[in-house]
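Written below as structure tokens is the structure these notes are about.
The values are calculated or read from the model by the stated rules, or taken from the named source; none is laboratory data. Just so we're clear, the structure is a prediction, and the values are computed from it rather than from any experiment. Cβ: placed from backbone, ideal geometry, glycine included. Neighbour counts: every protein chain shown. We work out accessible area using only protein heavy atoms, side chains counted, and drop any ligands, DNA or RNA first. Shrake-Rupley method; radii C 1.70, N 1.55, O 1.52, S 1.80 Å.
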Protein chains: 2
Amino acid sequence: MKNLTKRQEEILNLIKTHILDLGFPPTRADIARSLGFKSPNAAEQHLRAIEKKGFIKILSGASRGIVLNDSENDQIPVIGLVAAGGPILAEENVEKTIPRSNNLLSSDIDYYLRVKGDSMVDIGIFEEDLIGVSKSANTKVGSVVVARINNEVTVKTLIEMTQNKVVLRAENQEYEDIIVNPEVEELAIEGSCVALLRESI
Amino acid sequence: MKNLTKRQEEILNLIKTHILDLGFPPTRADIARSLGFKSPNAAEQHLRAIEKKGFIKILSGASRGIVLNDSENDQIPVIGLVAAGGPILAEENVEKTIPRSNNLLSSDIDYYLRVKGDSMVDIGIFEEDLIGVSKSANTKVGSVVVARINNEVTVKTLIEMTQNKVVLRAENQEYEDIIVNPEVEELAIEGSCVALLRESI
DNA sequence: CAATATACTGTATATAATTACAGTAATTAT
DNA sequence: ATAATTACTGTAATTATATACAGTATATTG
């Protein structure tokens, strides 16, 4: 699936917004009006280009016959046990996927991570809970982050972060702080925790 | 909102199915074809009747301009502070609503209740969390329930329940058990907690 | 008993919408 | 260097669609 140009992305977003707002896709004229085109054909040609790149399907002869090809995009993966080594989002780690429901949890969540262990119980994060992780949300001191230290994935609170010293704290007195020197050990902050789901109480 | 006739319900379902399948509503001709009408006007008149009863809105001049009025049905209310006296689901208690996403939290949730206080922190239920409450899920000893005692709503664990003695326990050592005699005091178990959402960590 | 609602057929038309064809111009691949 | 892609304007025709008008027949409500 090729990348869309900036303009094409704009149009795809317009289509999605239109569907969200009104419940059905826009016409060529709607698109032209929204983006200031003077000819509906400008919209038509953009749509053809977007279809060619695989993001939509145009049903010929049907008014507003624009079908989104969102299936993968629409699902949020739930990551169970992370196998040592590979990337978190590797397919073998995906336990299941759940449909993205735009409004349910407002934050932008890239994946859910199933919590293992009791190291965060003091702030109400329990074993088997699902943590909503955002890769893009900015991590600062005090954030609960998903960190990978020497290929092991862990959820902790970020306490200190300088060039040669990173402190991660469990929210459970029985655990000690993890102090890492990123210049010596492998450390990656994979994302920060922005939401929590518990499926059984 | 009046009830739909059998035929009108059939048409409303057809519209919903069409949207689910293709992503946009059917035309009058589509409806006529699907149900075997020989005139698109049959569909038109049904649509007008369904609109009059408040289930859809027809946008004039727009092709496929059928908007579902599903808002109440499809939304799960989020209950903030419960005003003393009235029913939990009374309109003044509804803080917002969030769309029901069948697969996200599998259990059948009738409403979300925003948690006040710290009485359940030991099992990871914190202030401002949203608890998914099911009215129909069977409550048994050990369940976390939403109880109403003398018009005050509270979330506690059900410890004991006999005809003249109900024990509710906070999951926080600083609180004492609540012991109620339902024959003397007013007590209602409104539902049990089946899920939890936390929107910020 | 009359008025209204339900459930259609049948015809017709204005307009909404897709879509083809003919251009222009700048940018990006090959 | 040449072809393809991107990003449009402008026009026009065909088809898709909404929607009004004129009926028929049965059921329900006031």
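Tabulated data for the structure shown
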{"quantity": "Given (1) out of contact with any Asp or Glu (no Cβ under 9 Å at 6 or more places or on another chain); (2) open to solvent by 50 Å² or more (accessible area, probe 1.4 Å), number of the condition A:Lys16 does not satisfy", "calculated": "(1)"}
{"quantity": "Yes/no for B:Thr27 being within 11 Å of another protein chain (Cβ to nearest Cβ) and of a type in the set (Ser, Thr, Tyr)", "calculated": "yes"}
{"quantity": "Selection within region B:188-201 - assigned to a strand (DSSP E or B) and either farther than 20 Å from B:Val146 by Cβ or within 14 Å of chain A (Cβ to nearest Cβ) (or both)", "calculated": "B:Gly191, B:Ser192, B:Cys193, B:Val194, B:Ala195, B:Leu196, B:Leu197, B:Arg198"}
{"quantity": "Unmet requirement for A:Val153, which otherwise passes all of (1) at pLDDT 95 or above; (2) under 30 Å from A:Ile98 (Cβ atoms)", "calculated": "(1)"}
{"quantity": "Residue under evaluation B:Glu91, criteria (1) modelled with pLDDT of 90 or more; (2) more than 27 Å from A:Ile98 (Cα to Cα); (3) of a type in the set (D, E, K, R), criterion not met", "calculated": "(1)"}
{"quantity": "Single residue of region B:66-79 satisfying the filter (within 12 Å of another protein chain (Cβ to nearest Cβ) and closer than 16 Å to B:Lys16 by Cβ) that is modelled with the lowest pLDDT", "calculated": "B:Ser71"}
{"quantity": "Sole residue being assigned to a loop (DSSP other than H, G, I, E, B), out of contact with any Pro (no Cβ under 7 Å at 6 or more places or on another chain), of a type outside the set (A, V, I, L, M, F, W, C) and open to solvent by 50 Å² or more (accessible area, probe 1.4 Å), chosen from B:Glu95, B:Glu185", "calculated": "B:Glu185"}
{"quantity": "Neighbours by Cβ (under 6 Å, 6+ apart or cross-chain): first from region A:173-187, closer than 17 Å to A:Ile123 by Cβ; second among the hydroxyl-bearing types (Ser, Thr, Tyr)", "calculated": "A:Tyr175/A:Ser119"}
{"quantity": "Every pair of residues 6+ apart whose Cβ atoms lie under 7 Å, when the first sits in region B:132-145 and is more than 23 Å from A:Leu196 (Cα to Cα) while the second is at pLDDT below 90 and of a type outside the set (Val, Ile, Thr)", "calculated": "B:Ser136/B:Asp108"}
{"quantity": "Qualifying residue in region B:150-167 (condition: closer than 25 Å to A:Val194 by Cβ, open to solvent by 10 Å² or more (accessible area, probe 1.4 Å) and within 14 Å of chain A (Cβ to nearest Cβ))", "calculated": "yes"}
{"quantity": "Enumeration of residues in region A:21-47 that are open to solvent by 50 Å² or more (accessible area, probe 1.4 Å), out of contact with any helix residue (DSSP H, G or I) (no Cβ under 7 Å at 6 or more places or on another chain) and near DNA strand C (Cβ under 8 Å from one of its atoms)", "calculated": "A:Asn41, A:Gln45"}
{"quantity": "Extreme residue, farthest from DNA strand D (Cβ to nearest atom), among residues of region A:48-59 that are open to solvent by less than 40 Å² (accessible area, probe 1.4 Å) and more than 13 Å from chain B (Cβ to nearest Cβ)", "calculated": "A:Gly54"}
{"quantity": "Single residue of B:Ser192, B:Ser136, B:Ser143 found to be surrounded by fewer than 17 Cβ atoms within 10 Å (Cβ to Cβ) and closer than 27 Å to A:Ile98 by Cβ", "calculated": "B:Ser136"}
